[in-house]
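Novice: Have a look at this one before I ask anything.
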Ligand code: SF4
């Protein structure tokens with residue numbers, strides 16, 4: 001990567017980590033996805049139960065295969081099973097996991113985490129349930145405000161819908177049509193304002209690079 005670009009990404013990562021730690025999250029930054037993977041796996045002890053939120057970033061890092069092949073109790077939501085009742089049941093059990101690993105749709109400059117879900121399993125577990133939450137996010141997730149976070153989520157939702165092959169109007173147009181169809185993926189939106197209630201529960205690894213959507 002261009003050295004000057006990298007320098008600016010690191011500056012942004014350092015700044016947001018400082019803000020997130022002030023907000024009582026446990027944040028750190030790394031320079032590459034590979035380093036993020038090492039940090040992430042260092043945080044999880046062998047034998048722990050682990051769940052995953054849907055995340056392009058984590059998929060790109062190959063985390064699913066690592067969890068499948070490692071010494072973990074993995075609540076594997078990516079198995080080829082019917083959504084009802086099998087995958088929904090995995091989502092339910094995931095709420096009791098030792099660790100939830102996930103991405104985040106947006107991080108504001110004030111350190112708020114903003115997310116929209118289709119099923120709600122990810123946002124529910126980020127808020128309460130799993131003993132630990134580990135979030136991996138590239139600096140492209142940083143936005144100025146909560147309004148900008150909502151805008152970002154609207155901008156990326158058509159790509160997410162296309163990725164998971166949902167038949168929604170936005171997969172035809174490329175932009176949000178505020179649909180009312182059964183396959184709509186934008187159903188539950190949450191803002192996590194800080195990590196103070198369960199200090200240290202939410203750990204955030206910022207990668208000084210652009211990852212996922
Ligand atoms: S509300 Fe519907 S049309 Fe808009 S992004 Fe979400 S799924 Fe697509």
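Novice: Where in the stretch 107-213 are there strands (runs of 3 or more DSSP E), lying wholly inside it, with at least 2 residues that are within 15 Å of the ligand (Cβ to nearest atom) and touching a helix residue (DSSP H, G or I) at 6+ places or on another chain (Cβ under 6 Å)?
Specialist: Values: elements: 113-117, 132-138, 188-192, 202-207.
Fully inside the stretch 107-213 and qualifying: 113-117.
Novice: Going by what's in this entry, would residue 145 be described as surrounded by fewer than 22 Cβ atoms within 10 Å (Cβ to Cβ) and free of Cβ contacts under 8 Å to residues at least 40 places away in the same chain? Steps first, answer last, please.
Specialist: Details: surrounded by fewer than 22 Cβ atoms within 10 Å (Cβ to Cβ): yes; free of Cβ contacts under 8 Å to residues at least 40 places away in the same chain: yes.
Judged against the criteria, residue 145 is a match.
Novice: Can you name the number of the only condition in (1) touching a strand residue (DSSP E or B) at 6+ places or on another chain (Cβ under 7 Å); (2) more than 24 Å from residue 33 (Cα to Cα) that residue 179 fails?
Specialist: Here residue 179 meets the rest and fails (1).
Novice: Name every residue in the stretch 88-106 that is out of contact with any helix residue (DSSP H, G or I) (no Cβ under 6 Å at 6 or more places or on another chain) and surrounded by fewer than 18 Cβ atoms within 10 Å (Cβ to Cβ), in order of residue number.
Specialist: Passing the criteria: 88, 89, 92, 93, 96, 98.
Novice: Filter the helices (runs of 4 or more DSSP H) completely within the stretch 1-76 down to those with at least 3 residues that are modelled with pLDDT under 95, under 15 Å from the mean Cα position of the chain (by Cα) and within 28 Å of residue 110 (Cβ to Cβ).
Specialist: Where helices (runs of 4 or more DSSP H) fall fully within the stretch 1-76 and carry at least 3 residues being modelled with pLDDT under 95, under 15 Å from the mean Cα position of the chain (by Cα) and within 28 Å of residue 110 (Cβ to Cβ), they are 56-60.
Novice: Picking from 139, 135, which residue would you name as being in contact with a strand residue (DSSP E or B) (Cβ under 6 Å, 6 or more places away or on another chain) and surrounded by 15 or more Cβ atoms within 10 Å (Cβ to Cβ)? Let's see the steps before the verdict.
Specialist: Details: 139 fails: in contact with a strand residue (DSSP E or B) (Cβ under 6 Å, 6 or more places away or on another chain).
Sole residue among the options that is in contact with a strand residue (DSSP E or B) (Cβ under 6 Å, 6 or more places away or on another chain) and surrounded by 15 or more Cβ atoms within 10 Å (Cβ to Cβ): 135.
The values are calculated or read from the model by the stated rules, or taken from the named source; none is laboratory data. The model shown is predicted, which means the values in this text are computed figures rather than measured ones. All Cβ positions, glycine included, derive from the backbone under ideal geometry; neighbour counts span all protein chains shown.
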